[in-house]
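Q: Sharing a structure below in structure tokens format, with a few things to ask.
All of the numbers you see were taken from the coordinates with simple rules; none came from a lab. The shown structure was predicted, so the numbers you read here are calculated from the model rather than taken from an experiment. Virtual Cβ from ideal backbone geometry, glycine too; neighbours counted across all protein chains shown.
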């Protein structure tokens with residue numbers, strides 16, 4: 001079953017427009033989830049709204065959104081009034097400019113979505129826009145209203161489709177200097193830096209997301225299976241927490257030698273070549289016995 005689109009609308013480049021859909025890249029369908037139960041009855045429970053003053057539960061349709069204008073004073077806003085608020089980005093991804101994707105700092109990247117043509121009629125225009133961006137190695141900047149919020153986005157070609165990533169607003173992002181500014185400047189020993197670089201060189205790898213597994217998820221599944229089978233809950237051993245290194249140079253040297261040993265042990269053993277003369281000696285011995 002195809003996933004339900006998170007948004008439907010149009011992608012626009014100047015006067016070229018095509019219908020598109022956004023689909024969530026991330027899925028949580030297979031994640032372990034728990035429901036809240038009544039401990040005594042085992043029944044599931046449900047949340048209800050109650051009046052903050054009287055404590056009485058609200059009836060169906062009694063709740064309404066409110067915007068606080070003063071302390072404790074609200075303006076009531078109906079749901080259909082909110083839905084009636086429409087701007088261009090509510091229905092159209094208008095490409096406003098183009099940038100090199102690598103020029104966008106990682107701290108501004110938020111949530112990714114797949115972008116696909118919504119119908120057969122839109123496929124040609126979609127392909128033209130995608131191929132043009134791919135040829136220029138550019139990503140497009142646009143805006144979209146998602147979940148009642150307008151968000152800046154960047155759109156880039158990816159295979160036969162495109163990927164849209166929502167961006168964080170500048171005023172919501174803490175700049176690195178506000179956090180890193182408190183870190184003292186430290187002059188490091190070049191020998192220790194060289195050792196650390198050698199460790200990094202020995203542990204070089206290619207990024208492969210299939211190699212990642214959720215250890216915590218696996219532990220939760222073990223817990224659920226044990227409960228289901230009526231067995232005792234398996235106890236997990238806590239690994240000792242690391243402490244600050246006292247002798248940094250020695251720790252780096254030990255790490256390097258340990259890494260080299262593990263690499264050596266993981267290599268397949270090679271067959272040793274026969275010593276010169278041994279093969280001829282065996283042949284001569286066999287010949288004498290046959291005689």
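Q: On average over all directions, what projected area in square nanometres does the range 138-249 have, based on the convex hull of its Cα atoms?
A: 15.2 nm²
Q: Here is a further query. Which order do peptides 51-59, 156-164, 214-222, 93-101 fall in by mean Cβ count within 10 Å, highest first?
A: The peptides rank, most packed first, as 156-164, 93-101, 214-222, 51-59.
Q: Something else about it: How far is helix 248-266 tilted off the main Cα axis of the chain, in degrees rounded to 10, range 0 to 90?
A: 70 degrees
Q: Sort out for me the Cα centre separation of the range 145-194 from the range 72-104, rounded to whole Å.
A: Here the two parts' Cα centres lie 22 Å apart.
Q: Per Stokes-Einstein, at 10 °C and 1.306 mPa s, what whole-number D in µm² s⁻¹ belongs to the range 114-156, with the Kirkwood radius over Cα pairs as the hydrodynamic radius?
A: 136 µm²/s
Q: Using only alpha carbon pairs under 8 Å that are at least six residues apart, calculate the relative contact order of the range 1-151 and give it in whole percent.
A: So the answer I get is 31 percent.
Q: Another question, if that's okay. Can you tell me the orientation of helix 190-202 relative to the chain, as the angle in degrees between its alpha-carbon axis and the longest Cα principal axis, to the nearest 10?
A: Approximately 90 degrees, to the nearest 10.
Q: Additional query: Roughly what angle does helix 278-290 make with the longest principal axis of the chain, taking Cα atoms, 0 to 90 degrees, to the nearest 10?
A: 50 degrees
Q: Between residue 253 and residue 40, how many nm apart are label points set 7 Å from Cα along the C-beta direction?
A: For the pair residue 253/residue 40, the computed spacing is 6.8 nm.
Q: How long are the three semi-axes of the equivalent ellipsoid of the range 1-76, in whole Å, if each is the root of 5 times an eigenvalue of the C-alpha gyration tensor, listed from largest down?
A: Output for the range 1-76: semi-axes of 38, 28, 11 Å.
Q: Could you put 45, 154 in order, starting from the residue whose Cβ has the fewest other Cβ atoms within 10 Å?
A: Exposure proxy ranking, most exposed first: 45, 154.
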